[in-house]
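To start, the structure itself, in structure tokens.
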Amino acid sequence: MSLRILLVRHGLSSFNLEHRIQGRDDLSSLTDTGVQQALATGEALRGLSIDAAYSSPLRRAHDTAKALLAAQGSGLAPQLDDDLLEVDLSPWTGLTSSELRERFPHEHRLWYHHPEQLELQRADGRRYAPIPELMEQAARFAERLLAAHDPSAPGQRTVLVVGHNAILRCLLLSLLGLPASGFRRLRLDNASLSVLNVSPTERGGVAVQIESLNGTAHLHPEVCASTLPAKGPGPRLLLVRHGAAGDFLRRVAFDRAYTSSMSRPRQTAEGILRHHGGVPLTSVSDLVEIGHGDWEGCLEEEIAGQWGELLADWKRAPETVQMPGGETIHDVWERSLQGWNRIAASLDAQETALVVAHDAVNKTILCALLGLSPADIWAVKQGNGGVTVIDYPHGADQPPVVVCLNQTAHLGGVLDRTAAGAL
């Protein structure tokens, strides 16, 4: 009983190419590259059963959805939905990024640092707040989507949602229960694929898990190694869960590497660094996996037999559980963030670092970076060998950007098919 949501941003448009503000005006169209990106995304999803498809009515999104679905082979036509329209930036439509910075320096700073605080003025003189309005729009769409495709109904269903950069970010925030202040913590590239899993809870609500975010490897199927989203200013960290990722990362230039002091992440880090001679590898004790105590080495059914109620609590409310003789998720949260922040603060703006750790450790780090809490660790998936990219465009003491999360395409397909963790 679950619902899979595939979020796709439209392909490269003419305004994207010219670095112009688009908003919800329908003045730009897909470029030839954008069409090819849509077709590549559809091809990557071929063989996956899609039950329904929704699209923004703006032509750059609608054309992406049509091309994608034609290549995917489902025979579906996208349902156009006004609640998937892009953010309303009508006073700025058509301006280049440099023109916006020169003509509206204060508003430009707000838009790129605190967009939830930005106010603009419509042609009729009325003031409005684009991002808070878009958050309300996203919440409406999410409510209707979940009502139309009940996650508690028998079986698994998959729906496709094709939209724009800002509305899809707001939709992600809305589904995760996060505020508009998290808008700049996310990145969505053209024709990127993000996968969400929605399941029912015991109390009649839903639990949302990010399986992957901003995947773009499917756009370059002819390239065996990674073509990660471009790095901008500020340091970059690649967070990997132990497993196989060496070939995928052989084109990435690393300046430093860090690993949990346990053997499986160290072996993974050493395997990745075989393609990167001379990169120093440092062990960080703060990054070791959660101490399972008396559960260590046990099968799940053995734990259920002796600690059934505690195991159920761990799955339902992990922040409340003290593992017998082991750690709490709060313990892991505190030390993993301490280790991560120390690494981030040590990097120069131009540097890229590799960090290899574990399931629970990575989840606590990512929850913190996304603005989630220890109660939300099941909201983030970490597959073995999954690659996550974090940028600090304004320095390590400022909020980071989750560039992409849990990329496992190098392990076979755009969905994470790695084995589930022990618990």
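Bear in mind these aren't lab numbers, they're just calculated from the coordinates by the rules spelled out. Note that this is a predicted model, so its numbers are computed, not measured. All Cβ positions, even for glycine, are placed from backbone atoms using ideal geometry, and neighbour counts span all protein chains on display.
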task: First measure r as the distance between the Cβ atoms of L17 and E301, then evaluate 1/(1 + (r/R0)^6) with R0 = 56 Å and state the FRET efficiency to the nearest 0.05.
output: 0.50
statement: Taking every C-alpha to C-alpha distance in region 2-218 and binning by 10 Å from 0, the per-bin percentages run 8, 34, 36, 17, 4, 0
- request: Show the residues, 5+ positions off or on another chain, whose built amide H is closer than 5 Å to the amide H of V380.
  value: I210
- prompt: Between D150 and D348, what FRET efficiency follows from the Cβ-Cβ distance if R0 is 56 Å, with the result rounded to 0.05?
  reply: 0.65
message: Between A244 and S285, what is the label-point separation in nm under the 7 Å Cα-to-beta-carbon projection?
response: 3.4
message: Pick from Q338, Q306, Q22 the residue whose mean-square fluctuation is largest in a GNM of the chain, springs joining Cα atoms under 10 Å.
response: Q306
task: Express in nm, to one decimal, how much length is gained between S29 and A139 on full extension, taking 0.36 nm for each residue of separation and deducting their alpha carbon distance.
output: 36.9 nm
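Mind checking the full-extension length gain between R251 and H106? Use 0.36 nm per residue of separation minus the Cα-Cα distance, one decimal, nm.
Gain on extension, R251 to H106, equals 48.3 nm.
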task: Bin width 10 Å, alpha-carbon pairs only: give the P(r) of the chain as whole percents, running from 0 to the bin holding the largest distance.
output: 4, 21, 31, 27, 14, 3, 0
message: I'd like the orientation of helix 300-316 relative to the chain: the angle between its Cα long axis and the longest Cα principal axis, in ° from 0 to 90, rounded to 10.
response: 40
query: Just for the chain, what percent of DSSP beta bridges are antiparallel, to the closest 5?
result: 50
query: Just from its helices, what would the mean residue ellipticity at 222 nm be for the chain, if runs of 4 or more DSSP H residues each count -39500 (n - 2.57) and the sum is divided by every residue, rounded to the nearest 500 deg cm²/dmol?
result: -10000 deg cm²/dmol
query: So how tilted is helix 359-370 from the main axis of the chain? Cα-based, degrees 0 to 90, rounded to 10.
result: 30
- prompt: When the Kirkwood radius is taken over all Cα pairs of region 252-406, what Stokes-Einstein diffusion coefficient follows at 37 °C and 0.692 mPa s, in µm²/s?
  reply: 199
query: Amide H neighbours of L372 under 5 Å, counting only residues 5+ apart in sequence or on other chains, H built in-plane at 1.01 Å?
result: none
Counting DSSP beta bridges with both ends in region 2-218, the antiparallel % (nearest 5): 55
statement: For region 1-93 (alpha-carbon point model, no solvent) the Debye-based log₁₀ I(q)/I(0) at q = 0.12, 0.14, 0.21, 0.25 Å⁻¹ works out to -0.38, -0.50, -1.01, -1.29
- prompt: If you keep only loop residues by DSSP, which trypsin sites (Lys or Arg not before Pro) in region 46-141 have at most 13 other Cβ atoms within 10 Å of their Cβ?
  reply: R46, R122, R126
query: Mean separation of Cα pairs under 8 Å and 6+ residues apart, divided by the residue count of the chain: what relative contact order is that in percent?
result: 18
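Test of the criteria: in region 230-327, which GluC sites (Glu not before Pro) are in a DSSP loop and have at most 15 other Cβ atoms within 10 angstrom of their Cβ?
On the way: sites: E270, E289, E296, E300, E301, E302, E309, E319, E327; in loops: E289, E296, E327.
Loop-located and lightly packed - E296.
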